[in-house]
Structure formats: structure tokens, C-alpha cells
Amino acid sequence: MSRVTRRQAISRAAAIGAIVGVGAIAGIGGYLAGSATGRETRTVTATIGGATVTQTRVITETVAGAPDFAKGLRFTYITHGGEENVFWNSVHLGMREAAKLTGCDAVMIRPKREGDLAQEVAAFEATIAEKPDGIIVPIAYTELLTYVKKATDSGIPVIVANIDAPDPNDRIKAGGLSYIGQYLEPAGYFLAKTLSKYFPRGSHALILIEGPGQVWAEERAKGIQRFLKEYDCTFDRLDVSFDLAVVESRVSAYLEANPQTKAVFSVGYTSPIAGKVLKSKGVPPGSVAIGTFDIVPLVIEWIKEGYVQVAIDQQPYLQGFLPIIQLVLMKKYGLSAWDVNTGNAVVDQSNVSLVEELSRKGYR
Amino acid sequence: MLRYKSLIVTSLQRKEISVATILFGTIISFYSIQPVFLSPSNIDVLLRITPELGIVALGVTLLMIGGEFDLSVGSVFGFIPMVTILLIESGIPPTLAIVSGLLISTLVGLTHGVVTVKTGIPSFITTLGGLLIWRGVSLAVTGGLPKYMTMPPEIIFFFSGKIAPFIHMQMIWFFALAGFFYYILERTKFGNWIYATGGRKEVARAMGVNTDRVKIVLFTLSSLMAGMGGIIQSIRLGQALPNQGDGLEFDAIAVAVIGGTSLFGGSGTILGTVIAEYLSRIIENGLIIIRAPSYYFRLYIGLVIVIAVTVNIYILRRSIRSRVES
């Protein structure tokens, strides 16, 4: 406990006065900066050129003027995706553009650290206290269903996006009105079926599992396996991770030992590594069909190289855009929420250049 | 009148006054922007979530006053609940599993302390090792998946139950521990040893203080508090996540520093840390309530650190100068 003289105490009081002033200015400044993003008017014109498609799009952001359709409505999107997570930047972009189109106020709360449940729950509780007109949340942890119920009980409608509860009935029981995201098992089936035109019936296939035991990975794998059985194929599952070096060494060993493999799938985005392995062995593109999920630079690169035939995009932009639209319609016209499967977009040679451009801008 | 005046002067003479003033200013700012900030339900939320990290910050503060760092608290915060769950899964009764978990956390801290003191490696390095090791073990054991913590209701109540409106068990733990550490630091010989160990080691040794032993005790306490905070959080959320407490070490150090603890040791208070912990949570919560994008949290905490430390240094300089003058 340090004690100081009266004179120091007075000078300290002056210093503290100054701090409070600075703090208050910073606080108000930050708040205004935060809300100002919704007020500017600007026009963005982008020309997207590709080998097959050329398209010009104009995005006009005019919140202050035209759209007062949903003015005064406030929505909060709570996620587990940390501030650096690129995938969630696309969701965020979709949410912001839907808010601008309708004139509502939407914010996304992201934890400082990816997947920090305690922080997400704290944010969820603060949001419920703040009483927005609607909440959007992925069920990354089943614990979150408790708070979905709490929000619903206090009269705030909740839409689930990106990740549904492992059993959708639990989400419905908790009050989650709809699910907007990829249907995981059907997405696996769809990927395998789409890729099947590149390999004959009865072939041998390899499935890379980047998150063994995790719901999203197992569900997609289940769908792939369901189609492969229908297509009379044999297959092996290979547990890997998102560490590309690990994937490369395991896949390369597997293909060495199983040269009869005609198709490679991954439940995440690592199967393009199989293309890399094949290329280094001098195998031409197309002799082994490769299918994958999600649009990342690695996937785009190997589609362009010709080694990856199909990638399924779960369209994160839509997972930000559509929940806002649904909530606005619910609030304005009392319409009900509805489930949307955002995850059936095929990316292949025909549209990869367009997707690459859009991906750079955060739309894909 | 004179009495009030002297009361004001006395309170201005406390070191914690700067952070307390910032806290007050922050509360007023948030409230004036959005009155919901001080609604009963939001106050309840704040009171419920603050203690877990606050308990960790208490241990870190003591250790920093003693002149050392603990970068491993975030990992221990995740590791100890995980160990506790594994013990329960292997058939040990929950109460015993929690006690064992806490004992293991003291062993973890003891190891950090002994290695640091005996080898002379800076604690920054040994506990950086601890940060990676304990996080690594948690990830390896669980394969990166969360584990559910199902506890009997008495235990849940004991650690995170609601006693009355605004009064939660975790708060009682936090205040009891804060009070205990305050007493030790300000009223006992051991408290003097902590300040001496962190301030001037040679002087402390000359006084006959076994600085090595003091440091080892502080490392042990730091890990124990991290384990305790982690267990409370896991019980409250009903699960232990392998990434639980990731990055918490920097939050805890930031809170200690905002509360007036010196990075060089020898100075700091428990009360300052308690106030700073509430400040940190309030900024986080308030930004959500006023619907500011979450990106602003770091910016604000950064500003608060710089302002609080600047004021503390200013005060320190003034008091040194006046000491020299008189």
C-alpha cells in the first residue's frame, strides 16, 4: 500500500481527470467509428473477367438514403469463428450486405480466439440482455442450445446457421427456427455423385478424413460412403489432419501401396494434395479423379492444374446473407423462417476463374 | 467537512485510484450510450463470468510482484479440468477427482518454480515451455475434441451455484481468495517477503529472506489458481475444451498491469487486479451491449493498458521526486 503526500494526491486527481476525458473521447469515438460503417454511401464497381464468363456487378451501399425497409431492426450474429478466420469473413460480408440492402442494423460477435466457448457464451448472454430483434448462431457446441432456449424464452427469435445441432430435433426443441447452411451428409453424397462421371463404376476410392471423430467430418464421410456403396466401389478411409505435410506423406504412401485407386475424396480441403503427389510422379491429370470441399487457394490452384475435378462450396456468403433476410421478413410480415441448404455449389474447370475472382473479394 | 476532505485525499493516495477511475468512467460511458448496460440481467451476467479469469489473475499478480512471469496459466486452465474429467471417467468420485486435479495443478506449478529457480532459466522461458507442454498434453489426450463434465448438482452449486440475486458461488470464491491474498500480501511477513523478493533480491537475501522458496510458493499458487479457475469454468459450461483458456496468460498479465502491478516486480496490489479484472470484462461486455463490432475489444484494452501504466509511472516518479526533495 503506497502512500503519497497531499500535493501528489492533487496532481494525481488532475491526471485522472485527464484520463477520464481521454477515455470518454476514445469511447465515443470508437462507437461512432463502429456505427459509421453503416452510414456511408458508396458505389463499388468491379469487373470480373474469366475464361468463360465476364460479368460486371455494381454494389451500391446507400443505407442513409433509400432502404428504410427494416430500419430500426437490430440483429446479432454470434459465432465461434475467430477474428482471423477467413471463412467467417465471407459470412460477415454476406451479413453486412444484407443489412445494407434492408437498412437494418446487424453486428457479428466473434471471439478473440477461435472456438473460445466461454467467450462465446459470455457474448451470447450479453446479447440476450441487450434484447436484439433476432439472433443468429451456429451450434458449434451443444452447450449453446441452452442459450438458444434462453433467448427464445425471452422472446428473441433465433436462427441457426453454418452448423446445425447434431440432432436437428434438439435445435427445434430449443427454439432454433431454421437451419441455414450445408446439409453435411447429403453434401458428401452430392460430391461423390458429381465426381462419379470422372471414374468408372466399381473402382477403388480413398477418403481423407481431416477431423476424425468430429461431426462435420464424419457426416460428410458418411454421405461419400453411401454413394460409393451404391456405385459398387470399394474404399478406404485415411485419417489425416489439415497439416498439408502430414497429408502429403500419408497420401503418397497410400497411393504407392494402392495403385488401383481411381478416386480420392476429402471431407475437408486437403485432397488436392493427392493431385500434387500424382503430378510429382508424372501421372497426367484426370487418371485419378479428385473431389474436395470448400474454396481455398489450394483447391483453386489444383482445379486450374486439372488434377481436381470437383469442389463443393458451402457458400459462406449465403450463411451470412440469408438469415438476415429471413429475420427481416419475419419481423416485417410475420413470415416463418425456412431451412436452406447452401452447400451444393459445384466448382470445376468451367467456373473456376470466376470463383477465384469472387473468392478474392470474399464472396465465395 | 474536514473529515470528508481527508477521506477524499486518502482515497486519492491509494495506488488503485487510477484504474478505479477508469472503471467508473467506462461504466458511465457505456450506460449513457445504452442504459441496458446496467440492467439487472446484464449485471448478473457480468458478476457471473468475471471470477473465473479473475482468480487466475490473482495468482499471476502475486507471482509478478515476486518478480516472475507465468505464461502457462492459460494452458493449465485447460489442462486441469481435462485431467479431472479423465479421473472421473476412470472411476474416481467427482470430489476426489477435483481435489486431485487441484493437487496436480500445484505439482505443475512446483515444477515450473523449481526448474526456474534451480537452473536460473528465466521464468519467461520455463513457463513458455509449460504453455506448450500442458496445451499439447490436453490436445493429445483428447484428439482435439471437447469432453463433457457431468457433475452432481451439489458440486455444481459449490463452484458456480446461484445463492441469491446477483450472488454466485464463483464470486464468493473470487472475493474469498482475493481477501486471503490481500491479507497475506499486506498484513503478513510472507507478504513483505514477496515484495522484497520482487523488488531488490540482494536486499531481500540480506534480510534473510529465502527468495527461492518464496518464488517456488508463488509459482505453485499461480498454477493452483489457474487450475481452480479452469475447473470453475468447466463446471459452469458443463464441458472441458482442449483449447480452453487459450491466450489467457496475456489477459491475466494485462489485467495485473492495468491494476498497477509492475512488470519488473516489487510493486502491485490485489485490489488493483480485482478492479482491473472487472474493467476488462466490462469493456468486453459493454462493447457488445452498445453493438460495436467485436474487433474493438483489443483496441480498447490496448488503450487502457497504455493509459493505466502511464499514470502509474507518473505517480511513481512524483513520489520518488518528493521523497528526494524531502
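The values are calculated or read from the model by the stated rules, or taken from the named source; none is laboratory data. Keep in mind that what you see is a predicted model, and the values were worked out from it rather than measured. Backbone-built Cβ (ideal geometry, glycine too); neighbour counts: all protein chains shown. Please note that ligands, DNA and RNA were not included when accessible areas were found on the heavy atoms of the full protein model with its side chains. Shrake-Rupley method; radii C 1.70, N 1.55, O 1.52, S 1.80 Å.
Looking only at the range B:10-24, which residues are more than 7 Å from chain A (Cβ to nearest Cβ) and in a loop (DSSP other than H, G, I, E, B)?
Scanning the range B:10-24 gives B:ARG14, B:GLU16.
So how many residues does the range B:44-59 have that are open to solvent by 30 Å² or more (accessible area, probe 1.4 Å) and more than 9 Å from every other protein chain (Cβ to nearest Cβ)?
Selection size over the range B:44-59: 1.
What helices (runs of 4 or more DSSP H) lie completely within the range B:225-326 and have 1 or more residues being more than 10 Å from chain A (Cβ to nearest Cβ), modelled with pLDDT of 90 or more and under 20 Å from B:ALA57 (Cα atoms)?
Per the criteria, B:248-258, B:270-289.
Residue check, A:ILE172 against (1) part of a helix (DSSP H, G or I); (2) closer than 19 Å to A:LYS229 by Cβ, all met but one. Which one?
Condition (2) is where A:ILE172 drops out.
Please find, within the range B:25-40, the residue that is surrounded by the fewest Cβ atoms within 10 Å (Cβ to Cβ) out of those that are at the interface with chain A (Cβ under 7 Å from one of its Cβ atoms) and polar (S, T, N, Q).
B:SER39
What are the pairs, 6+ residues apart or on separate chains, where a residue within the range B:276-294 that is touching a residue at least 12 places away in the same chain (Cβ under 8 Å) has its Cβ under 6 Å from a residue that is among the aromatic types (Phe, Trp, Tyr) and open to solvent by 10 Å² or more (accessible area, probe 1.4 Å)?
Between residues of the range B:276-294 that are touching a residue at least 12 places away in the same chain (Cβ under 8 Å) and residues that are among the aromatic types (Phe, Trp, Tyr) and open to solvent by 10 Å² or more (accessible area, probe 1.4 Å), the close pairs are B:ILE283/B:TYR300; B:GLU284/B:PHE297; B:GLY286/B:PHE30; B:LEU287/B:TYR296; B:LEU287/B:PHE297; B:ILE290/A:TYR31.
So, of the residues in the range A:119-137 that are assigned to a loop (DSSP other than H, G, I, E, B) and modelled with pLDDT of 95 or more, which turns out to be nearest to the other protein chains (Cβ to nearest Cβ)?
So the residue we want is A:PRO132.
Tally time: how many residues in the range A:166-198 are small (Gly, Ala, Ser) and within 19 Å of the chain's Cα centre (by Cα)?
5
Look through the range A:192-216, keep the residues that are within 11 Å of chain B (Cβ to nearest Cβ) and among the small types (Gly, Ala, Ser), and return whichever of them is surrounded by the most Cβ atoms within 10 Å (Cβ to Cβ).
Of everything passing the filter in the range A:192-216, A:GLY211 is surrounded by the most Cβ atoms within 10 Å (Cβ to Cβ).
Go over the candidates A:SER178, A:SER154 one by one and state the one that is open to solvent by 10 Å² or more (accessible area, probe 1.4 Å), assigned by TED's automatic domain parsing to the domain that holds A:LYS331 and farther than 22 Å from B:LYS147 by Cα.
After ruling out the rest, the residue left standing is A:SER154.
Looking at the range B:52-63, is at least one residue assigned to a helix (DSSP H, G or I) and modelled with pLDDT under 95?
Yes, the range B:52-63 has at least one match.
For the range B:156-171, how many residues meet the condition of being open to solvent by 80 Å² or more (accessible area, probe 1.4 Å) and outside any loop (DSSP other than H, G, I, E, B)?
4
Taking the range B:142-155 as the search range and keeping residues that are part of a helix (DSSP H, G or I) and free of Cβ contacts under 8 Å to residues at least 60 places away in the same chain, which one is nearest to B:GLY238 (Cα to Cα)?
B:PRO153
Can you name the residue in the range A:81-118 that is in a helix (DSSP H, G or I) and farther than 26 Å from A:VAL296 by Cβ and is also most open to solvent (accessible area, probe 1.4 Å) among such residues?
Of everything passing the filter in the range A:81-118, A:LEU101 is most open to solvent (accessible area, probe 1.4 Å).
Listed residues B:LEU107, B:LEU145, B:LEU96, B:LEU62; which is surrounded by fewer than 17 Cβ atoms within 10 Å (Cβ to Cβ) and within 21 Å of the chain's Cα centre (by Cα)?
B:LEU107
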